[in-house]
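All remarks here apply to the structure that follows.
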Amino acid sequence: MLFPMIPLFIVISAPSGAGKTTLCDMLLQDYPEMCYSVSCTTREPRGDEVDGEDYHFLTVEAFQRFIDEGRFLEHAKVHGHYYGTLREPICQALRENQCALLDIDVAGAEQIRNHVAMLPPGDLLRAGFVDIFIAPPSIQELEVRLYGRGTDADAVIAKRLRNARQEMEQASRYMFQIVNDDLGVAFRRLCDIINVKAQLI
């Protein structure tokens, strides 16, 4: 892998089952100069989730205060709980010449895209921003993958497929789109984008 010359703010979105989490894990393993952005939430930890690693778990009051102080790049209320991405940890990583990786849904990516567009050209977030959409080969293949997991009820899978169709309609808004038909090929394409962007900015 090439060492990125410019710290990038990498935003990746994909429908559930498209392979986004696997690709992000592969990036973090191959790029030691890359850090993963940990989101905030007001929901309770699940299972063996660790505060500061899986999420920053906040009270509703603290989350609202952060909103009022303008500390989030994006935030939303989903199923009764707040989720958001703090600006400062990402900026700190960029100042330390690290790439920041953010795995987020299309609605959050749109908020960030709009926020970045309003920043001055020299701002680190704007200078290093790149967003990438990971798509499955087809809805039919995505359905096969989701059923193949064996972890979700039929109703949950049906909802994920409805969401996937809506998300894929937003793919053209991203700078880059990668079809994850073959994991190795998709990962090489992802690395190529990062290496080229890091040296052309």
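The values are calculated or read from the model by the stated rules, or taken from the named source; none is laboratory data. As the structure is a prediction and not an experimental result, all values here were calculated from the model. Every residue, glycine as well, gets a Cβ built from its backbone with ideal geometry; the counts of neighbours run over all protein chains shown. The protein model used for the area step is the full one, side chains on, heavy atoms only, and it has no ligands, DNA or RNA in it. Shrake-Rupley method; radii C 1.70, N 1.55, O 1.52, S 1.80 Å.
Selection of region 116-140 for residues being assigned to a helix (DSSP H, G or I), touching a residue at least 12 places away in the same chain (Cβ under 8 Å) and either open to solvent by less than 60 Å² (accessible area, probe 1.4 Å) or under 17 Å from Lys159 (Cα atoms) (or both) yields Val116, Leu125, Ala127, Gly128, Ile139. Of the listed requirements (1) within 21 Å of Ile193 (Cα to Cα); (2) at pLDDT 95 or above, Asp103 misses just one: (2). Taken together, the residues in region 66-83 that are modelled with pLDDT of 95 or more, under 17 Å from Ile104 (Cβ atoms) and open to solvent by 60 Å² or more (accessible area, probe 1.4 Å) amount to 2. Looking only at region 149-162, filter to residues that are open to solvent by 60 Å² or more (accessible area, probe 1.4 Å) and within 12 Å of Pro15 (Cα to Cα); which one of those is modelled with the highest pLDDT? Step by step, filter region 149-162, then rank; the result is Arg162.
For region 90-106, which residues satisfy the criterion of being out of contact with any helix residue (DSSP H, G or I) (no Cβ under 9 Å at 6 or more places or on another chain) and either assigned to a helix (DSSP H, G or I) or of a type in the set (A, V, I, L, M) (or both)? Those that are out of contact with any helix residue (DSSP H, G or I) (no Cβ under 9 Å at 6 or more places or on another chain) and either assigned to a helix (DSSP H, G or I) or of a type in the set (A, V, I, L, M) (or both): Gln92, Ala93. Against the list (1) open to solvent by 20 Å² or more (accessible area, probe 1.4 Å); (2) over 20 Å from Ser16 (Cα atoms); (3) not aromatic (Phe, Trp, Tyr), the condition Ala100 fails is (1).
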